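Asker: Below you'll find the structure I mean.
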Amino acid sequence: MAKKILVTGGLGFIGSHTVVELQSEGFEVVIIDNLYNSKIEVLDNITKISGVKPTYINLDLRDKNAVSAFFDGHKVDGVIHFAASKAVGESVQKPLEYYENNIAALIYVLSAMQKNKVSNFIFSSSCTVYGQADELPITENAPIKFAESPYGNTKQIGEEIITDTTKTSDLNAIALRYFNPTGAHPSAIIGELPIGVPQNLVPFITQTGAGIRAELSVFGDDYPTVDGTAVRDYIHVVDLAKAHIVALKRLIGGTNKTQFETFNIGTGKGNSVLEVIKAFEKVSGKSLNYKIVGRREGDITAAYADTTLANNELGWKAEQSIEDALRDAWKWQQTL
Ligand code: WQD
């Protein structure tokens, strides 16, 4: 009997790629998504890739009774919780919306799981919890820094809620701390669908390459880095999706060593903004229109992962390079 997995936010960028990987591994998938930051067409696109249509339920996880009723009516073997608001800048403008959507919903899901004896939980966390780390590459033991934004704070609080819940219940959880998810499925049938002006670098680059945006603004070239522009660890979304599968299998197989484990999910390599631009120009054959402007408020200088723990404990390693991710992101952009 196939294991049934609930994927909240399963029509989103990382969620949809993870659903495809779950289906290819023989899991039965139920998606809950309120389409706040995703499009219903993604459901058919997932089906086009995998040949299997996931069960989809349009439900807002902020509705405690609806969440409880879902778990009463569906027996699932695990939950991968992506559903959350994730724009750093927006979170500064709308803190209460972020705390409700990212914290209240998490509490309702965990409560309903507990009531229905569902114990396997994968949490979508972020390298944002580290702020500007004192040492690079960043390990999971790096100190959690004061959150620069309500978004980052919701990820820190989320991990604390899970920690406290595991102390008094059978919950087994893994938090995956994503570095910078980017790229798209190689089929170019699913990918990143930023609504409005993209906040993140790579979709802004591909939209500039496609002529949708006039030019990219590079936020600062006076950082203490190889070329003055900020450095990040850009991980291909398919590599990231695969990390969720190995983490889920670890919990289902009971090989987790503690009730709550955290893993950095990145490539372990840092690239500056200018290096990403050059890589895009190489894979697309296009010359990118950009200008250097001032730093963006709240940005850190550099972040890239030490992935030793995920390599050794999960047996997971990123396989794709920044060029692979940009090639797939560009191929996807050209279908839009
Ligand atoms: C990357 C670099 C910018 C846009 C955010 C969240 C993080 C995670 C990933 C969810 C930075 C520069 C960007 C532009 C630019 N999301 N940049 N011009 O800020 O590292 O991380 O997304 O978990 O939590 O904080 O990603 O893509 O916004 O920026 O120069 O138009 O590109 O300054 O150095 P970031 P990003």
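The values are calculated or read from the model by the stated rules, or taken from the named source; none is laboratory data. Source: prediction; values computed, not measured. Backbone-built Cβ (ideal geometry, glycine too); neighbour counts: all protein chains shown. Ligands, DNA and RNA are excluded from the accessible area calculation, which covers all protein heavy atoms including side chains. Shrake-Rupley method; radii C 1.70, N 1.55, O 1.52, S 1.80 Å.
Asker: Using Cα centres only, tell me the gap between the stretch 120-162 and the stretch 41-94 in whole Å.
Answerer: Computed from Cα coordinates, the inter-centre distance equals 22 Å.
Asker: Right, next: What is the log10 of I(q)/I(0) for the stretch 114-183, computed with the Debye formula using one identical point scatterer on each Cα and no solvent, at q = 0.22 Å⁻¹?
Answerer: Treating every Cα as an identical point scatterer, log10 I(q)/I(0) equals -0.99.
Asker: Quick one: pull the percentage of alpha-carbon pairs in the stretch 1-131 with a separation above 18 Å.
Answerer: That fraction is 53 percent.
Asker: So, one more: Provide, as a two-decimal number, the C-alpha radius of gyration of the stretch 76-205 over 2.2 N^0.38 Å, N being how many residues it has.
Answerer: In units of the globular-protein estimate, the stretch 76-205 measures up at 1.14.
Asker: Using only Cα atoms, figure out Rg for the stretch 234-336 and give it as a multiple of 2.2 N^0.38 Å.
Answerer: Ratio of Rg to 2.2 N^0.38 Å for the stretch 234-336: 1.32.
Asker: What value does the stretch 62-148 have for Rg/Rh, both radii from Cα atoms and Rh as Kirkwood defines it?
Answerer: Ratio of gyration radius to Kirkwood radius for the stretch 62-148: 1.05.
Asker: In a shell of Cβ-Cβ distance under 13 Å around Tyr304, excluding Tyr304 itself, what net charge do Lys and Arg (+1) and Asp and Glu (-1) give? Please report the intermediate quantities before stating the final value.
Answerer: Numbers: positive: Arg177, Arg232, Lys269; negative: Glu135, Asp233, Glu275, Asp306.
So the surrounding residues net to -1.
Asker: What is the log10 of I(q)/I(0) for the stretch 281-336, computed with the Debye formula using one identical point scatterer on each Cα and no solvent, at q = 0.13, 0.15, 0.18, 0.26 Å⁻¹?
Answerer: Scattering profile of the stretch 281-336, log10 relative to I(0): -0.63, -0.79, -0.96, -1.02.
Asker: With a sphere of radius 12 Å drawn around the Cβ of Ala87, what net charge do the other residues whose Cβ falls strictly inside it have (Lys, Arg +1; Asp, Glu -1)?
Answerer: 0
Asker: Could you give the accessible area per residue of the stretch 211-278, probe 1.4 Å, as a whole number in Å²? Could the numbers behind the result be given before it?
Answerer: Working: 2480 Å² over 68 residues.
For the stretch 211-278, the solvent-accessible area averages 36 Å² per residue.
Asker: Another question, if that's okay. When the convex hull of the Cα atoms of the chain is projected onto a plane and the area is averaged over all directions, what value comes out in nm²?
Answerer: Values: hull surface 62.9 nm².
If I average the Cα hull's projected area over directions, I get 15.7 nm².
Asker: In square angstrom, rounded to the nearest 10, how much accessible surface does Arg327 have for a 1.4 Å probe?
Answerer: Roughly 110 Å² of Arg327 is accessible to a 1.4 Å probe.
Asker: What number in nm² do you get for the stretch 191-295 if you take the convex hull of its Cα atoms and divide its surface by four?
Answerer: Details: hull surface 35.6 nm².
The Cα convex hull of the stretch 191-295, projected and averaged over all directions, gives 8.9 nm².
Asker: Rounded to whole Å and sorted largest first, list the principal axis extents of the Cα atoms in the stretch 29-84.
Answerer: 33, 25, 15
Asker: Run the simple label-point estimate for Asn65 and Ser321 please: 7 Å along Cα→C-beta, distance reported in nm.
Answerer: 5.6 nm
Asker: Report the one residue of Gly254, Pro224, Gln199 whose Cα lies farthest in the direction of the positive end of the charge dipole of the chain (charges on C-beta: Lys and Arg +1, Asp and Glu -1; origin at the Cα centre).
Answerer: It is Gly254, whose Cα lies furthest towards the positive end.
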